[in-house]
Amino acid sequence: MARHLITSALPYINGIKHLGNLVGSQLPADLYARYLRGRGHEVMFICATDEHGTPAELAAAKTGEPVAEYCARMHAEQSKLAAGFGLSFDHYGRSSSAQNRWLTQHLAGKLDEAGLINEISEKQVYSIDDGRFLPDRYIEGTCPNCGYEKARGDQCENCTKQLDPTDLINPHSTISGSTNLEVRETKHLYLRQSAMKDQIAAWIDSKTDWPVLTTSIAKKWLFDGDGLQDRGITRDLDWGVPVQKGDQPWPGMEGKVFYVWFDAPIEYIGATAEWADANGGDWERWWRTDKGAGDVTYTQFMGKDNVPFHTLGFPTTIMGSGEPWKLVDYIKSFNYLTYDGGQFSTSQGRGVFMDDALSLLPADYWRWWLLSHAPESGDSEFTWENFQQSVNKDLADVLGNFVSRITKFCRSKFGEAVPEGGAWGEAERDLAAALTARIRAYEGFMDGMEVRKAAGELRAIWVLGNEYLQAAAPWSTFKEDPVEAAMQVRLGLNLIALYASLSAPFIPFTAAALREAMNSGDSWPDDIDTALSALPPGHAFTVPDNLFAKIADDEREEWTERFKGIRA
RNA sequence: GGGCCUGUAGCUCAAUGGUCAGAGCAGGGCGCUCAUAACGCCUUGGUUGGGGGUUCAAGUCCCUCCGGGCCUACCA
């Protein structure tokens, strides 16, 4: 038994997440966590809401709530949706927690002691009417280069020229529209990533088994142009972790907070501490190599947009602190899921969101489609037609109908208990051998986090059941040799119990329903003969309701229409 | 502009430089009747985006052109 720490990229607090967010981090992380638990490993699966930053403040202002209340409400809502999708976090924390505040301030203090913090005075645009400094992207004006009127402060979307906000003609705040802007001097802390460049580069170089997507993004940032740059880690905002050196004040930084990207990854640790405080556990044995975390394998899941922060910023924080924190062992990164040709977009309300999804269909439908089409090698596209076909064929026909045909046949001929008599012949031994080969392949893909291939292998395992049943044909055998048919049916019923265990990481709700119907346990099939005799003769079961209703054409058409625009 | 990823069957995707480029779905045929008209077997379908090059051998490596996507450090 090994110990696995698993973290999913933190969903931002600003609104309900869409299916693209879900498949890029939380869902595959859950798949892996469930699988490892199923194999008997000790797992700590952590996620949290990322609650700081300008967008959270603006979203709260829009609803008229104090930002703390807004975040509390949205956290509760996201927790509920996460539970609805079966995301099996050991703890779903909040980056605004006291634990994270303490850790963030502590690490900043250690980085300062190590000489890795610079104080830099700089000029930024301040909006007098908004009462806040404006990030470059919140300033719009006319591009001095091409005359495009909606150029942003950082870059003109029209001519792609890099801009400084002061370059813009007629600049205004995108928050209020105000043109009452001025340039003010402000002091910020910078994390000296450049000083850690060689150490980070050597570390990345040692990770030869990481996805290309992960290492190529990291290397681009490390070596492009002048190489890894220092990064501002503070902001002039009200909502966030107050800038302190540990528990001491930071002279000159009063009223400022740490940048959301400094404190967000630290919340992986913070959330584990939250878990420990809530459950009486020990978080340090997961995070401190001097306190028991030496045998932990740490895996992070995230979308590609998060990779720079996890390969450069957070490791700089961890390594630079000089303390024995646990570093990530493997970063599994994902491309994007697109929606009918374009991007899913939280800000534009484009695509299918987690709450919509659960209102239409049970979580397992979505889990299966999303995981079996996970954007691993490149962006992948969600279309309603593809979704309908996959779900109907894979879940309803291949798996659902298999369960239905064997349980109903048994009930009509033998009653609702596992029938006795008969012994395996060649067909059964062949099936067992085929199952073993496929299960070992499935385990290999799951160990390697090859999500789509694992889904394909699982489906192939389901298909083996139908092939066997078709060849054995107990409905024919029964007429000549009821004892032989009893053996075939008994094997079929045991296959259902086997499928419940194997499928649980992908479709946990269905797996639970199967276990309940079959009165079976959830042990992993290390040995196929044992697994296929888990339900002994006489073992009572019930015929479950159809596991999956098919998606009808008119439903698909209605949903296609309903979700084609942008949602309010 | 720069960097990275990507283009393979109608669709979604596979293929350490090495048999005849493979699966699933969709399409066609046959079988079966336990089952959610479900299942099984067989089968049609490809100049691997275009062009050039390296090699005994290229989907794979190099160059070039075309198309799609992402990132580019103050959105997170």
Looking at chain A only, what percent of DSSP beta bridges run antiparallel? Nearest 5 please. 60
Estimate the FRET efficiency between A:LYS291 and A:ASP164 by the formula 1/(1 + (r/R0)^6), using the beta-carbon distance for r and 30 Å for R0, to the nearest 0.05. 0.05
Could you tell me the convex hull volume per residue, in Å³, taken over the Cα atoms of chain A? 159
To test your reading of the geometry: what angle, between 0 and 90 degrees and rounded to tens, separates the Cα axis of helix A:98-113 from the longest principal axis of chain A? 50
Counting pairs of Cα atoms in the stretch A:1-159, how many percent are more than 24 Å apart? 56
So what is log10(I(q)/I(0)) for the stretch A:219-336 at q = 0.10, 0.15, 0.17 1/Å, when the Debye sum runs over its Cα atoms only? -0.38, -0.85, -1.06
If the chain between A:ASP526 and A:SER121 were fully extended at 0.36 nm per residue, the gain over the current Cα-Cα distance would be 139.7 nm
Using the beta-carbon distance between A:LYS408 and A:ALA473 and R0 = 22 Å, what value does 1/(1 + (r/R0)^6) give for FRET efficiency, to the nearest 0.05? 0.90
Helix A:27-38 sits at what angle to the longest principal axis of chain A, using alpha carbons and giving 0 to 90 degrees rounded to 10? 50
Quick check on chain A: helices-only [θ] at 222 nm, where DSSP H runs of length 4 and up contribute -39,500 (n - 2.57) each and the sum goes over total residues. Nearest 500, please. -13500 deg cm²/dmol
Using the Cβ atoms and a cut-off under 9 Å, what net charge is assigned to the surroundings of A:HIS373, where Lys and Arg are +1 and Asp and Glu are -1? 0
With every protein chain kept in place and ligands, DNA and RNA left out, what is the accessible area per residue of chain A? Probe 1.4 Å, answer in Å². 41
Which residues qualify? For A:TYR12, with a placed amide H closer than 5 Å and at least 5 residues away or on another chain, they are A:ASP50
Of all alpha-carbon pairs in the stretch A:117-191, indicate the percentage at a distance above 14 angstrom. 57
Among A:358-367, A:48-57, A:418-427, the order from most to least packed when residues are scored by Cβ within 10 Å on average: A:48-57, A:358-367, A:418-427
Expressed as a whole number of Å, what is the distance separating the alpha-carbon centroids of the stretch A:141-211 and the stretch A:291-334? 25
Expected sort for A:503-514, A:136-147 on mean C-beta neighbours within 10 Å, highest first, is A:503-514, A:136-147
So, by mean Cβ neighbours within 10 angstrom, what's the order for A:381-390, A:199-208 with the highest one leading? A:381-390, A:199-208
Grab the Cα-Cα distance for A:ALA549 and A:GLU516, subtract it from 0.36 nm times how many residues apart they are, and report the gain in nm with one decimal. 10.0 nm
Obtain the nm distance between the two label points defined at A:GLU450 and A:GLN199 by a simple spin-label model: each point lies 7 Å from its Cα along the Cα-to-C-beta direction. 3.6
Mean projected area (nm²) of the alpha-carbon convex hull when the stretch A:383-488 is viewed from all directions: 8.0
Helix A:363-372: inclination vs chain A longest Cα principal axis, degrees, rounded to 10, gives 80
Run the dipole for the stretch A:89-189 about the Cα centre, Lys and Arg Cβ at +1, Asp and Glu Cβ at -1, nothing else charged, and hand back the magnitude in debye, nearest 20. 240
Mind putting a number on the dipole of chain A about its Cα centre? Charges go on the C-beta only, +1 for Lys and Arg and -1 for Asp and Glu, and I need it in Debye to the nearest 20. 260
Tell me which residues come under 5 Å, amide H to amide H, from A:LEU535 once H is placed; ignore anything under 5 positions away on its chain. none
Karplus-derived 3J(HN,Hα) from phi for the stretch A:484-496 (6.51 cos²θ - 1.76 cosθ + 1.60, θ = phi - 60°), whole Hz, x at Gly and Pro, runs 4, 4, 4, 5, 5, 5, 4, 5, x, 5, 5, 4, 4
Apportionment of accessible area to carbon and sulfur, chain A, percent (1.4 Å): 47
Label-point separation, A:THR63 to A:GLU185 (7 Å along Cα→Cβ), nm: 4.0
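The values are calculated or read from the model by the stated rules, or taken from the named source; none is laboratory data. This is a predicted model, so every value here is computed, not measured. We place every Cβ from the backbone using ideal geometry, glycine too, and count neighbours over all the protein chains shown. SASA here: full protein model, heavy atoms, side chains in, ligands and nucleic acids out. Shrake-Rupley method; radii C 1.70, N 1.55, O 1.52, S 1.80 Å.
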